[in-house]
Amino acid sequence: MELKLILSIRADSMSMFSKFLLAGLFVIAQAALAPAAAGAEDSVSEIRFDNHHFAPQTLTVAAGQPLMIKVVNSSKETIEFESFRLNREVAMTPGETITLRLPALSPGSYDFYDDFHQDVPEGAIVAK
Amino acid sequence: MAGMAVLAALFAAQLVPVERTNPPSSGALSAPPRIEATLKRACYDCHSNETRWSWYSRIAPVSWLLVRDVTLGRKEVNFSEWGSYYPATRRRKLEWIGRALREEKMPPWHYRLMHPGTRLTEADKAELEEWIESALATPSAQRSK
């Protein structure tokens, strides 16, 4: 009876130990991955629309890795940020900010433009 | 009591003015007759200045939604203003039209539901895609009238 009790306590403590071990490994893994995640967030690029222009007009990004692009409409007009190659079209009211999540791009140039104002010079995202 | 309030709100909504306009054309699209007929049947209500405003476009709040859809549709592509587009703009519009056809995004399902006659057959789509391809092959994309 005593032996059974000791064994069950030991089994319980082993399982507790396993849980602690797993939790510890999880915390270590999170800590190890955190810099990479922070790096990904840091790589957000920004395109601003104002005075009938996109700035920067050419945005160079790293090819082969997913990216986020924040588009800010600082103008007083509604625009449509559009790119056929990127398959994106988003109407933006004055003052609106959007974040585009793009998959890893192959090297090349991806033009974008304001579809509501054809006289706005088009821009390009260049993946290198 | 609540029913009366809804009725009153609906009645008040009818008093809000909405503009159902059909401005004059400024360079309509010139395409083969069959293509023009298909576009007029399936696309022109939202993508031209020749909108056929249906009876329910006079009843709020449906009228507000319709006017908003037509306004946005004309901004996206307006076949009545095709001639005012730069060649690069025409090219882009044609590319997007082609994609919308392939992905069956146009005409939108809710519009097709209300207007069964606007559905595109496989033959219609094939003709439109062929027209788009040939138009994109020309340097200035498809010209206007």
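With solvent modelled as a 1.4 Å probe, how much accessible area in total do chains B and A shield from it at their shared surface, in Å² to the nearest 100? Walk me through the numbers on the way to the answer.
Details: alone 9250 and 8590 Å², together 16510 Å².
Rounded to the nearest hundred, the buried surface is 1300 Å².
Per-atom-type breakdown for the range B:2-142 gives carbon and sulfur 66% of the accessible area (1.4 Å probe, protein chains only). Taking square-rooted eigenvalues a ≥ b ≥ c of the alpha carbon gyration tensor, is the range B:36-105 rounded, prolate or oblate, where a/c under 1.5 means rounded and, failing that, a/b exceeding b/c means prolate? The shape class here is prolate.
I'd like the mean, over residues of A:74-86, of how many other protein chain beta carbons sit within 10 Å of each residue's own Cβ.
Other-chain Cβ atoms within 10 Å of each residue's Cβ, averaged: 1.
Overall shape of chain B was characterised from the C-alpha gyration tensor. The equivalent ellipsoid obtained from it has semi-axes of 34, 17, 12 Å, in decreasing order.
Could you sort B:5-14, A:78-87 so that the peptide with the highest average Cβ count within 10 Å comes first and the rest follow in order?
Per-residue Cβ counts within 10 Å, averaged per peptide and sorted highest first, yield A:78-87, B:5-14.
Highest average first, the peptides B:78-85, B:115-122, A:69-76 ordered by how many other beta carbon atoms sit within 10 Å of their residues are B:78-85, A:69-76, B:115-122.
Close amide-amide hydrogen proximity is noted between A:Glu46 and A:Lys70, each under 5 Å apart and 5 or more residues distant or on a separate chain (H modeled in the peptide plane; Pro and chain starts excluded).
Note on B:80-91: average number of Cβ atoms from other chains within 10 Å of each residue's Cβ is 1. With 20 Å as the limit, write out which pairs from A:Lys70/B:Lys105; B:Lys40/B:Lys93; B:Lys40/B:Lys75 have Cα-Cα distances beyond it, or answer none. Where the Cα-Cα span goes over 20 Å, the pairs concerned are A:Lys70/B:Lys105. Phi angles across the range A:116-127 convert, under the Karplus curve 6.51 cos²θ - 1.76 cosθ + 1.60 with θ = phi - 60°, into 3J(HN,Hα) values of 8, 9, 6, 7, 6, x, 6, x, 8, 9, 9, 9 Hz, Gly and Pro given as x. The order of the peptides B:16-22, B:41-47, A:120-126, A:52-58 by mean Cβ neighbours within 10 Å, most packed first, is B:41-47, A:120-126, A:52-58, B:16-22. Post the alpha-carbon centroid distance, the range B:24-44 to the range A:50-65, in whole angstrom. Between the Cα centres of the range B:24-44 and the range A:50-65 lies a distance of 36 Å. Close amide-amide hydrogen proximity is noted between A:Leu67 and A:Leu102, each under 5 Å apart and 5 or more residues distant or on a separate chain (H modeled in the peptide plane; Pro and chain starts excluded).
The values are calculated or read from the model by the stated rules, or taken from the named source; none is laboratory data. Just so it is clear, the structure is predicted and the values come from calculations on it, not from any experiment. Positions of Cβ are backbone-derived with ideal geometry, glycine not excepted, and every protein chain shown enters the neighbour counts. Heavy atoms of the whole protein, side chains included, go into the accessibility calculation; ligands, DNA and RNA do not. Shrake-Rupley method; radii C 1.70, N 1.55, O 1.52, S 1.80 Å.
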